[in-house]
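In what follows, a single structure is set out as structure tokens and then discussed.
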Amino acid sequence: MTAQLIDGNALSKQLRGDVAKRAAALKARGITPGLAVVLVGDNPASQVYVRNKVKACEDSGLHSVLEKYEASMTEAQLLARIEALNNDPSIHGILVQLPLPAHIDAHKVIESISPAKDVDGFHVASAGALMVGQPGFWPCTPYGCMKMLESIGYELKGKHAVVIGRSNIVGKPMALMLLQQNATVTICHSATRDLKAMTLQADVIVAAVGKRNVLTADMVQPGAVVIDVGMNRNDEGKLCGDVDFEGVKQVAGWITPVPGGVGPMTITMLLVNTLEAAERAAG
Ligand code: GUN
């Protein structure tokens, strides 16, 4: 058996089309949804990410501002910029690209963002809202994974979902979103004693570790849905996920590729969150 692909590029195209339509409707009311992307320092991967985010905004008719600062920027200077963006009515979403230079307290910076503009969904208020099932902003990567499951009409109720990874950005919010859809959820991590014993019981597996070949074919039940959040490089320097794609696709029912899977969905959900923030602000 060969798994069916969940195509993140195709789904993104569809969702970004919806975003563009909603953005046009807001514009007709005199409001252009605006995202501020703040980059501190010259991390090469971050530079690529922020460029892609700004371009995606422009392509969907959202206004975006990229603020780039030297790595020597002080924490106080960054907090002052965020305060200004919090008070700027043309900006509906604020994204501070991580990682930040070591001398800046990333937690303090994220907490300084107004929860109404927290389109990354990293603020404690956003995390709390997700936890208790109240409206807020969902972190873009797990939100994108949920949209991918929705796109194949997958019914999560009663299914066993195994999340590998417990980060605040992906693993933990992913587990909460799956739970909200009435899945039985297991979170596995670096101290899990027998990962394979867990994944072999899973109807859905989300791999979000950041390490190649965390999930191999012998660890997957026939027909399972496999979502690969990883973004790694193989020995030839090619982009690859956490899942041994060639092996696992022989066993799984559905699988997301890397590239072209979760990656584009993360940016798409950032656009969705920014639009949502603008619509809420517009009332
Ligand atoms: N660094 C890596 N991924 C992300 C993300 O989704 N948001 C932000 N702000 N920084 C990141």
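The values are calculated or read from the model by the stated rules, or taken from the named source; none is laboratory data. This structure is a prediction, so every number in the text was calculated from the model and none was measured. Note that each Cβ is placed from the backbone with ideal geometry, even for glycine, and that neighbours are counted across all protein chains shown. The protein model used for the area step is the full one, side chains on, heavy atoms only, and it has no ligands, DNA or RNA in it. Shrake-Rupley method; radii C 1.70, N 1.55, O 1.52, S 1.80 Å.
Scan region 80-92 and report the pairs whose first residue is under 17 Å from His123 (Cβ atoms) and whose second residue is aromatic (Phe, Trp, Tyr), with Cβ atoms within less than 8 Å and a gap of 6+ or a chain change. Note: pairs meeting the criteria are Arg81/Tyr69. Just one of (1) surrounded by fewer than 18 Cβ atoms within 10 Å (Cβ to Cβ); (2) more than 21 Å from Leu35 (Cβ to Cβ); (3) within 14 Å of the ligand (Cβ to nearest atom) fails for Met174. It is (1). Applying the criterion of being within 15 Å of the ligand (Cβ to nearest atom) and of a type in the set (A, V, I, L, M, F, W, C) to the residues of region 131-141, the residue that is surrounded by the most Cβ atoms within 10 Å (Cβ to Cβ) is Phe137. Of the listed requirements (1) farther than 17 Å from Asp120 by Cα; (2) more than 14 Å from the ligand (Cβ to nearest atom), Gly41 misses just one: (2).
Within region 94-108, identify whether any single residue is over 19 Å from the mean Cα position of the chain (by Cα), among the basic types (Lys, Arg) and over 17 Å from Glu276 (Cβ atoms), and answer yes or no. Taking every residue of region 94-108 in turn, at least one turns out to be over 19 Å from the mean Cα position of the chain (by Cα), among the basic types (Lys, Arg) and over 17 Å from Glu276 (Cβ atoms).
A count restricted to region 215-239 and to residues that are assigned to a loop (DSSP other than H, G, I, E, B) and surrounded by fewer than 23 Cβ atoms within 10 Å (Cβ to Cβ) stands at 10. Among the residues of region 254-261, are any hydroxyl-bearing (Ser, Thr, Tyr) and under 23 Å from the mean Cα position of the chain (by Cα)? Yes, there is a match, as at least one residue in region 254-261 is hydroxyl-bearing (Ser, Thr, Tyr) and under 23 Å from the mean Cα position of the chain (by Cα).
Quick grid of which residues meet (1) open to solvent by less than 20 Å² (accessible area, probe 1.4 Å); (2) touching a strand residue (DSSP E or B) at 6+ places or on another chain (Cβ under 9 Å); (3) within 13 Å of the ligand (Cβ to nearest atom):
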{"residue": "Ile91", "(1), (2), (3)": "yes, yes, no"}
{"residue": "Ile94", "(1), (2), (3)": "yes, yes, yes"}
{"residue": "Pro101", "(1), (2), (3)": "no, yes, no"}
{"residue": "Ala106", "(1), (2), (3)": "no, yes, yes"}
{"residue": "Ile113", "(1), (2), (3)": "yes, yes, yes"}
{"residue": "Gly128", "(1), (2), (3)": "no, no, no"}
{"residue": "Tyr143", "(1), (2), (3)": "no, no, yes"}
{"residue": "Leu149", "(1), (2), (3)": "yes, yes, no"}
{"residue": "Tyr154", "(1), (2), (3)": "no, yes, no"}
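Here Ala191, Ala161 are screened, and the one residue that is surrounded by fewer than 19 Cβ atoms within 10 Å (Cβ to Cβ), away from the ligand (no atom under 16 Å from the Cβ) and either not assigned by TED's automatic domain parsing to the domain that holds Val225 or not in a helix (DSSP H, G or I) (or both) is Ala191. Among the residues of region 13-61, just one is within 20 Å of Pro101 (Cβ to Cβ), polar (S, T, N, Q) and either touching a helix residue (DSSP H, G or I) at 6+ places or on another chain (Cβ under 6 Å) or not in a helix (DSSP H, G or I) (or both), namely Asn43. Residue count for region 115-126 under the criterion of being within 14 Å of the ligand (Cβ to nearest atom) and assigned to a helix (DSSP H, G or I): the result is 2. For Glu246, indicate whether it is within 20 Å of Leu15 (Cβ to Cβ), surrounded by fewer than 19 Cβ atoms within 10 Å (Cβ to Cβ) and not polar (S, T, N, Q). Considered against the rule, which asks whether it is within 20 Å of Leu15 (Cβ to Cβ), surrounded by fewer than 19 Cβ atoms within 10 Å (Cβ to Cβ) and not polar (S, T, N, Q), Glu246 comes out as no. Among the residues of region 240-275, those identified as touching a residue at least 40 places away in the same chain (Cβ under 8 Å), in a helix (DSSP H, G or I) and either polar (S, T, N, Q) or more than 16 Å from the ligand (Cβ to nearest atom) (or both) are Val248, Thr266, Thr268, Asn273, Thr274, Leu275. Within region 165-174, can one find any residue that is out of contact with any helix residue (DSSP H, G or I) (no Cβ under 8 Å at 6 or more places or on another chain), more than 20 Å from Gly241 (Cα to Cα) and either among the charged types (D, E, K, R) or assigned to a loop (DSSP other than H, G, I, E, B) (or both)? Looking through region 165-174, none of the residues is out of contact with any helix residue (DSSP H, G or I) (no Cβ under 8 Å at 6 or more places or on another chain), more than 20 Å from Gly241 (Cα to Cα) and either among the charged types (D, E, K, R) or assigned to a loop (DSSP other than H, G, I, E, B) (or both).
Residue check: is Asn234 more than 20 Å from the chain's Cα centre (by Cα) and of a type in the set (S, T, N, Q)? Spelling it out, Asn234 is indeed more than 20 Å from the chain's Cα centre (by Cα) and of a type in the set (S, T, N, Q).
Taken together, the residues in region 34-61 that are more than 19 Å from the chain's Cα centre (by Cα) and aliphatic (A, V, I, L, M) amount to 1.
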